[in-house]
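Encoded as structure tokens, the structure appears first; notes follow it.
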Amino acid sequence: AFGSKATIVVFGASGDLAKKKTFPALFGLFREGHLSSDVKIIGYARSHLEEEDFKKRISANFKNGTTEQVSAFLSKTSYIAGPYDTDEGYHRLLASIEEYESEHKLTAPERLFYLALPPSVFTTVASQLKKLLYTEKGKVRIIVEKPFGHDLESSRKLQKDLAPLFTEEELYRIDHYLGKEMVKNLLVLRFGNEFFNGTWNKNHIKSIQISFKEAFGTEGRGGYFDSIGIVRDVMQNHLLQVLTLLTMDRPVSFDPEAVRDEKVKILKAFEPIDHDDLILGQYTKSEDGSKPSYLDDDTVPKNSKCVTYAALGLQIHNERWEGVPIVMRAGKALDESKVEVRIQFKPVAKGMFKEIQRNELVIRIQPNEAIYLKINSKVPGISTETSLTDLDLTYSTRYSKDFWIPEAYEALIRDCYLGNHSNFVRDDELDVSWKLFTPLLEFIESDKSPQPELYPYGSKGPKALRQYLQKHDYVFADEG
Ligand code: BG6
């Protein structure tokens with residue numbers, strides 16, 4: 001782990017990600033006592049900003065801190081403006097880092113570099129950093145953010161460019177879903193409970209569904225989103241990570257390499273995604289006309305076929321999962337914001353019961369973390385009927401409000417600080433995930449793909465979904 005005296009440099013410090021996620025997360029850690037008050041934090045970016053303006057900008061998103069905590073944090077923070085492609089700014093940055101290190105007489109300095117940068121300058125900064133800011137004497141850690149390429153080829157190119165600069169040990173690839181509380185709970189839930197551990201396979205599980213819904217559209221980010229689409233934005237990374245944790249075999253321990261070895265293994269067992277078994281959608285104006293369509297965004301080409309909604313079927317070929325349908329679906333501009341997993345168990349034999357429903361386990365990742373299991377139980381009293389009811393672990397009612405559940409970025413920056421790679425993406429893991437998704441993305445972006453089905457902003461998404469889920473062995477409660 002890093003000690004109490006380390007330098008944290010955030011590149012892209014004037015950008016959106018740094019403002020909304022990185023600095024608020026650093027502050028959150030500081031507020032909770034997980035970041036020593038001796039660390040030094042430097043923001044670096046091209047924009048010329050007065051230090052005061054920079055501090056105002058980042059602290060606008062700080063949560064739950066007292067004025068004293070905010071000013072204590074800001075007193076550790078400074079800003080340096082400079083170019084990404086020439087040495088000059090890096091020299092000033094280095095001078096500032098070295099001043100701090102010699103003041104504290106650090107002979108084995110620890111430097112954490114957070115690259116909150118767009119892909120266009122990513123490799124430039126990485127190589128400048130290696131040339132001018134790297135230290136052989138101490139420890140260096142680099143946090144990098146998605147997109148990790150655009151497809152298999154560009155991802156491999158990016159990894160190839162980074163490989164000579166930093167070791168895999170030094171690199172921390174963030175997929176912020178891995179920092180979410182409920183996602184971190186998945187392996188404990190599965191392998192720490194024999195009830196789940198013993199039934200977690202094709203003999204007991206009928207279908208698996210992962211769904212991601214957002215109640216807002218691209219809202220001005222359309223120009224960026226248009227070349228990305230929903231599949232690349234959240235499915236190839238965030239949802240696939242969740243699915244991997246749900247389906248992988250038991251690792252020998254929580255050791256990061258043991259966990260990631262199993263993740264890679266299961267990813268290799270996925271069947272290529274079937275291009276004829278998809279729902280693709282794009283949102284139109286809301287029914288009352290108050291919310292814009294995707295194409296209303298001025299930065300989006302008028303004939304764009306960009307997919308803002310997708311549902312796809314996945315299959316895993318191994319002993320555990322052969323034949324179990326898995327549906328992954330994600331959409332923007334829907335009726336609610338929610339991310340959850342639904343696992344339906346096989347029905348019990350009818351015999352005793354005229355009608356009996358399936359067990360269903362729901363793992364709600366956000367909002368309001370919860371795990372609930374639908375079980376059949378006798379209706380209390382003189383009735384002999386059965387009804388489906390919930391065994392319910394809703395975090396907000398079960399755990400004290402004083403319990404600090406770190407935000408995803410807080411959890412991940414802390415892990416990096418501690419040198420724990422478990423919740424970061426390894427290079428081979430990234431490679432298999434692109435292998436799985438690249439053919440699908442090429443199909444969606446080719447002339448062969450169908451026109452996306454239109455759905456109104458604020459609706460449940462394309463109409464075809466219900467039938468699609470039924471086809472993949474999901475049974476709705478109203479069907480019995
Ligand atoms: C990001 C995507 O990676 O994840 C966004 O680029 C998306 O489009 C976001 O909104 C979702 O993250 P969260 O934590 O809000 O569910």
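No lab work stands behind these numbers, since they all come straight from the coordinates. Remember, it's a predicted structure, so these values are computed and weren't measured experimentally. Neighbour counts are summed over all protein chains in view; Cβ atoms, including those assigned to glycine, are modelled from backbone coordinates with ideal geometry.
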What base-10 log of the normalised intensity I(q)/I(0) is obtained for the range 370-411 from the Debye formula, alpha carbons as equal point scatterers, at q = 0.18, 0.30, 0.32, 0.33 Å⁻¹? -0.67, -0.98, -1.02, -1.04
What helix-only [θ] at 222 nm does the chain give? Using -39500 (n - 2.57) per DSSP H run of at least 4, over all residues, to the nearest 500, the answer is -9000 deg cm²/dmol
Percent antiparallel among DSSP beta bridges (both partners in the chain, rounded to 5): 50 percent
Over the chain, what is the relative contact order in whole percent, taking alpha-carbon pairs under 8 Å and six or more residues apart? 18 percent
Nearest-0.05 FRET efficiency for ALA72 and LYS157, computed from C-beta distance (R0 56 Å): 0.85
Over all pairs of distinct alpha carbons, what does the Kirkwood formula give as the hydrodynamic radius of the range 202-247, in Å? 12.6 Å
Taking the inverse of the average 1/r across all pairs of different Cα atoms in the chain, what Kirkwood radius in Å do you get? 24.4 Å
XL table LYS40/LYS184; LYS263/LYS332; LYS213/LYS346; LYS63/LYS213; LYS332/LYS463; Cα-Cα > 18 Å flagged, in table order, is LYS40/LYS184; LYS263/LYS332; LYS213/LYS346; LYS63/LYS213
Just order 183-192, 328-337, 57-66 by mean Cβ neighbour count inside 10 Å, highest at the front, would you? 328-337, 183-192, 57-66
For the range 1-84, the spread of Cα positions along each principal axis, largest first, Å: 33, 27, 19
Quick one: Cα convex hull volume of the range 234-306, Å³ per residue? 167 Å³
Convex hull over the alpha-carbon atoms of the range 278-433: what's its volume per residue in Å³? 265 Å³
Dipole-positive endmost among PHE225, ILE97, VAL183 within the chain (Cβ charges, Cα centre): VAL183
Taking N as the number of residues in the range 116-186, what is its Cα Rg relative to 2.2 N^0.38 Å? 1.23
Over the Cα atoms of the range 227-349, what Rg and Dmax result, in angstrom? 17.9, 56
What distance in nm lies between label points placed 7 Å from Cα along the C-beta direction at VAL348 and GLU98? 7.3 nm
For the range 362-480, I need the span (max minus min coordinate) of the C-alpha atoms along each principal axis, in Å, sorted largest to smallest. 60, 47, 29
Please list, in order, the residues from the range 329-359 whose amide nitrogen is less than 18 Å from a point placed 7 Å along the Cα→Cβ vector of THR384. 350-357
The FRET efficiency for ASN201 and LEU418, from their Cβ-Cβ distance with R0 = 41 Å and rounded to 0.05, is 0.75
Say R0 is 56 Å: what FRET efficiency, to the nearest 0.05, do THR397 and THR107 get from their beta-carbon distance? 0.65
Computed over all unlike Cα pairs, the Kirkwood hydrodynamic radius of the range 169-254 in Å stands at 15.4 Å
Going by average Cβ density within 10 Å per residue, which order do the peptides 267-274, 98-105 take, highest to lowest? 267-274, 98-105
Which aspartates and glutamates does LYS401 reach when only Cα atoms under 20 Å apart count, and residues fewer than 8 places away in its own chain are ignored? GLU32, GLU181, GLU369, ASP392, GLU410
Kirkwood radius from Cα pairs of the range 289-369 plugged into Stokes-Einstein at 25 °C, 0.890 mPa s, gives D in µm²/s equal to 145 µm²/s
What pairs in LYS268/LYS338; LYS19/LYS76; LYS305/LYS471 have C-alpha atoms more than 23 Å from each other? LYS268/LYS338; LYS305/LYS471
Given the peptides 165-173, 223-231, 5-13, 463-471, arrange them by the average over their residues of other C-beta atoms within 10 Å, most packed first. 5-13, 223-231, 165-173, 463-471
Give LYS206/LYS374; LYS302/LYS448; LYS146/LYS460; LYS180/LYS202 a once-over and call out the pairs whose C-alpha atoms are over 23 Å from each other. LYS146/LYS460; LYS180/LYS202
